[in-house]
Structures are given as structure tokens and as C-alpha cells.
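Input: a single structure, listed below in C-alpha cells.
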Amino acid sequence: MSNGTNKANDPSLNTIPPCLEPLQSQSTDGSVATPQTKAYLQPEASVNGGTQLNLHFHHSERSRLCTEASSELFDKNNPRIRRDIIRIIAQYLDSQGFTSTKVTLYDEANVKQQHENNYISDVVRLRAAILDGEWGEVDRICSSSYLKDKKHILYNVYKQQYLELIEDNESQKAFATLTKHLKPLEAQQSFQGEFRDLCYLLTTKSIQDAPAFRNWDGIASSREKLAEYLQHILEFEIVGRESEQQHLMPNRLITLFRQAVAYQIESCQYHSEAIPLVPTLLTDYAPVVVPNTERHTFIGHLGNIKCTAYVGQHGRHVASGSSDNTIRIWDTETSECVATLRGHTARIWDICVDRSGSTLVSASGDCTVKIWDIRDLHKPQCITTVASENSSGDVYSVSMNPLESHIIMAGYDRTIRLYDRVTGRIVQTFHGHELSVAQAVSNPLGNLIISGSKDQTIRFWDIMSGTCVKSLRSHLGE
């Protein structure tokens, strides 16, 4: 590669950002001390164009005690929750003078309310018809538009009808019910193998011969259990309506937003003395902080440190790659090295970690990219080594696309490669740079790759076709 200069001899590419610069201090006898990686506290924040707030470090263990905002907190599809949200939004619209919008919201909500009322009425009629054994009426109710989407109800009703036909030795009618009604609803079975046993009943002498129905105790008892199941559904729907009678506190939407912002501030790792003024609700609160106070120094590498990356989203661990051919993972609370990843035969130029903190990818001067499983930090393992047949020279950059399904790698040979983690092969290459590529990353949408090269250009590549769609040449240097 006569047009490129090897990165190992390029001082500009050996530069480390000041906040994570490895220190090589000389002792009194002239020897060089062990390289260090420093971690800094971030106690100052720039707010509203220059106002300084003193920030206090928030121990990460305390942050982890905060309840995670997950889908397990409440069911967004719960009818009661949905009605509560509509009431809260309508209250806010009314307080802001959007009366017409509020009326439109309630008009649309009332249409759905009428649909739900008809649904409840059908369930009441269905329950009575099942207890009376009026299966003609049951079929008419189940064919109504209000029950056609309630597949779990339909499955249990048709299962009861099928079992009664089996009990009465009506094999032909039972088979018709099985194929017409139960087969399309097979996914609603109560447990794995239930539908199989329903089919098996066509060949048995009694219902109790099928393993899933050994506890069958007759038609009357089974009808009562199904009626009880429908009664629970009714109670769930009716209790949900009670929320409409509850008093709605004033400014409920604003109160919930304030509680959400307070949670974000509390779970943040840095706290200011004064209560911060949040400028927007479109993004989560995070102080803009500037490192200026050293908290830890991580000592252990035997060569200068080329790259660092956080492991996972909580910041409990940080990884560093070095010229000593190793990657080390450090505990940010204790500054201890908890894992050392060995396998590369040349310096580590770049590393990246997925959002879950389970996979680390490293790029090295040995012309390879390695994928490491770091879920167990006590036993990290290299699970894949990527080495392109046509690649020569150091790999300088490695990153993941937004879905973390592909790895983007680039380096001395002026080529960018896209590696598919599922198929385990390189699925696209990007050619066009005249000198070595220092870095290549994906845009947030994942449809473009942006690369920076020593040829003084930034190029934008279409990820599907592999063509360069734009090139910027405003830089005067590398």
C-alpha cells in the first residue's frame, strides 16, 4: 500500500484525548513508569450558556436502587390505564384552552366506549347461554363483531362445545367444530399439547383417556367453570370503569411529568447543589459535565493505551486497549482490573462494546478483529476472529450499527468492511479512500456509513449498494 503510511509510525493517530491520556512519568533513575488510565469526576456543568453548577458524584450503587422504568410497572393495554390516560390528556387540553380538541378526543373515546359496552353485554349473554346449554345462541353471540377479536374467549367457548359433543358421541359435529373453530385458534391453547389432546379425543372412548383431560368431571361442572372464567372477565372490565368515578387531581399530567423528571435526576450519576431547570421533555435529563477532578487511576497496562470504552450502559466497568496487545476491563468504583483479554498479537487500536455490555469487539494491528463474550468477566472468551483474505495492514476502527447486528471495520488497506454477526461473514465492502481509514461509524438510522481518512476526506456510503453518496474535502490535514 504505497499510498498509505503505516499508522504505527503516525504520531497524530497515536494521540489520546486529554481526559483519558495514558501517563508515562519518569522516575528519578530515568526509567519509565507503568502506563496509567485516569478516570475523572465531573463536578462542573455548563448550564444555559455558561452558568456553573457544582455537581456531586452520585454513587452508582445508589442509582441502581432506583426502580427501572420498564413495561412491568403497568400494562399499557389495560382498559383502565387507557381510560386514565385519556382523562389526564383531556384535563390538560381543557386547562390550556383547547376545548374543541378535548371534545373531539371524548367523541372518539365514546365510540370506543360504546363498543366496549356492547362487548360486555355480549359476554353477559354468552355466560347465560352456556349455563343453559343453548349452543345455537352461543354460536350467534360468538359471531358478533364485538367478540371476533377476543380469541381467548372464543377458544374456551368452542373447546367446551367440542368436549360436550365428544361426551354425547357426536363425532361428526365434534370434528367439524375442531376444524372450523378450534384449529384457527390453536395458538390460544391453555398449555402446550392441549390441542393435540383435543384431536386425540376423536379416537378415545372417553374424555378422561386424554392426558390433558383426566380431571374432566362432567358437562355441568365444566360449564360452571367456563361461566366463572367469563365472570372474572366481566369483573375486570367493570372494575376498570370505576376509575372514571375517581377524583382526578388538578394538573395531573404536569405532576406526572415532574415526577418523571425527578426520577431522571435522582437516577443520574451527578447531582447539583441547586435544583436544575430542565429545558425540554423530549429527552431524558442529563447534566452537561466537564471532567476536571481525578477520581481513579487504572494501572496495569505495559504499553500506552490506544482506546477506551464503557462496558454496558450503567458505567460500572470500562475497557481499555493497549500497545501491550491486551484489553483490560476495570471496575470504575474500585479501579481494580477485573479481566484481561489476551489473543491479539499486535497493539489494540480500537474497541467497542454493545449496549448490554455482553459483547466486546476489538481491532488490532495483527490485521484481525476479535469478538469477545464478556458476560462472565471472570471467564471472558474470544468467540470469533474476523480476518479478511484480502485485508493487509492494521485495523484501526471498529464499531457496530444501531441494531448491533453488523460490525463496521476499517484500517490501513483503505477499505471499509461490513461484517454480519449472524451469518459470520463480510457482506459488503466500501472502496474509494486513497489513504488509510482512521474511523468508520454508522449513522443513527443505520442506512449510511461515515468514514474519515488520511486522504483528508469524509465520505458517506450507502450501506446497501456500497457506493459513496457524498464526499467532504474541507480539511487541510489528516
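Structure notes:
- When Glu137, Glu116 are checked against the criterion of being open to solvent by less than 80 Å² (accessible area, probe 1.4 Å), acidic (Asp, Glu) and in contact (Cβ under 8 Å) with a residue 60 or more places away in the chain, Glu116 stands alone in meeting it.
- Where Arg414 falls short, out of the listed (1) in contact (Cβ under 8 Å) with a residue 40 or more places away in the chain; (2) part of a loop (DSSP other than H, G, I, E, B); (3) out of contact with any Asp or Glu (no Cβ under 6 Å at 6 or more places or on another chain); (4) within 25 Å of Thr359 (Cβ to Cβ): (4)
- Residue in segment 317-327 that is under 27 Å from Tyr263 (Cβ atoms), open to solvent by less than 50 Å² (accessible area, probe 1.4 Å) and modelled with pLDDT of 85 or more present: yes
Rundown of residues vs (1) over 19 Å from Lys150 (Cα atoms); (2) in a helix (DSSP H, G or I); (3) out of contact with any strand residue (DSSP E or B) (no Cβ under 7 Å at 6 or more places or on another chain); (4) modelled with pLDDT of 90 or more, yes/no style:
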{"position": "Cys199", "(1), (2), (3), (4)": "yes, yes, yes, yes"}
{"position": "Ala227", "(1), (2), (3), (4)": "no, yes, yes, no"}
{"position": "Leu234", "(1), (2), (3), (4)": "no, yes, yes, no"}
{"position": "Glu244", "(1), (2), (3), (4)": "yes, yes, yes, no"}
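- Any pair with Cβ under 6 angstrom, 6 or more apart, that starts in segment 292-312 at a residue that is within 18 Å of Arg342 (Cβ to Cβ) and ends at one that is part of a loop (DSSP other than H, G, I, E, B) and modelled with pLDDT of 85 or more: Phe298/Ser335; His301/Asp324; Leu302/Asp324; Gly303/Ser323; Gly303/Asp324; Asn304/Ser323; Val311/Gly357
- Looking across Ala339, Ala346, one residue alone is at pLDDT 85 or above, closer than 28 Å to Gln439 by Cβ and outside any loop (DSSP other than H, G, I, E, B). It is Ala339.
- Residues within segment 444-466 that are surrounded by fewer than 18 Cβ atoms within 10 Å (Cβ to Cβ), under 33 Å from the mean Cα position of the chain (by Cα), part of a loop (DSSP other than H, G, I, E, B) and touching a residue at least 12 places away in the same chain (Cβ under 8 Å), tallied: 6
- Within segment 257-294, tally of residues that are in a helix (DSSP H, G or I), surrounded by 12 or more Cβ atoms within 10 Å (Cβ to Cβ) and not aliphatic (A, V, I, L, M): 6
- The single condition among (1) open to solvent by 40 Å² or more (accessible area, probe 1.4 Å); (2) touching a helix residue (DSSP H, G or I) at 6+ places or on another chain (Cβ under 9 Å); (3) under 22 Å from Ile408 (Cα atoms) that Lys306 does not meet is (1).
- Given (1) among the hydroxyl-bearing types (Ser, Thr, Tyr); (2) more than 24 Å from the chain's Cα centre (by Cα); (3) under 29 Å from Gly315 (Cβ atoms); (4) open to solvent by less than 20 Å² (accessible area, probe 1.4 Å), number of the condition Tyr419 does not satisfy: (2)
- Evaluation of Ala174 against (1) without any contact (Cβ under 8 Å) to a residue 12 or more places away in the chain; (2) surrounded by 20 or more Cβ atoms within 10 Å (Cβ to Cβ); (3) of a type in the set (Gly, Ala, Ser) (one fails), failing number: (1)
- Test: residue in segment 202-218 that is in contact with a His (Cβ under 7 Å, 6 or more places away or on another chain), modelled with pLDDT of 85 or more and not acidic (Asp, Glu): no
- Taking first residues from segment 202-229 that are of a type in the set (S, T, N, Q) and partners that are surrounded by 15 or more Cβ atoms within 10 Å (Cβ to Cβ) and in a loop (DSSP other than H, G, I, E, B), the Cβ contacts under 8 Å between residues at least 6 apart in sequence or on separate chains come to Thr204/Ala210; Gln208/Trp216; Ser222/Trp216.
- Considering residues of segment 245-256 that are open to solvent by 90 Å² or more (accessible area, probe 1.4 Å) and within 11 Å of Tyr92 (Cβ to Cβ) only, the residue nearest to the chain's Cα centre (by Cα): Asn251
- Selection of segment 75-109 for residues being part of a helix (DSSP H, G or I), open to solvent by 50 Å² or more (accessible area, probe 1.4 Å) and within 26 Å of Cys142 (Cβ to Cβ) yields Arg80, Arg82.
- Matching residues in segment 119-134 - criterion: being farther than 11 Å from Ala227 by Cβ and either open to solvent by 80 Å² or more (accessible area, probe 1.4 Å) or not in a helix (DSSP H, G or I) (or both): Arg125, Gly133, Glu134
The values are calculated or read from the model by the stated rules, or taken from the named source; none is laboratory data. Because the structure is a prediction, the values reported are computed rather than measured. Please note: Cβ atoms are built from the backbone with ideal geometry, for glycine as well, and neighbour counts cover all protein chains shown. All accessible areas refer to the heavy atoms of the entire protein, side chains included, with ligands and DNA or RNA removed. Shrake-Rupley method; radii C 1.70, N 1.55, O 1.52, S 1.80 Å.
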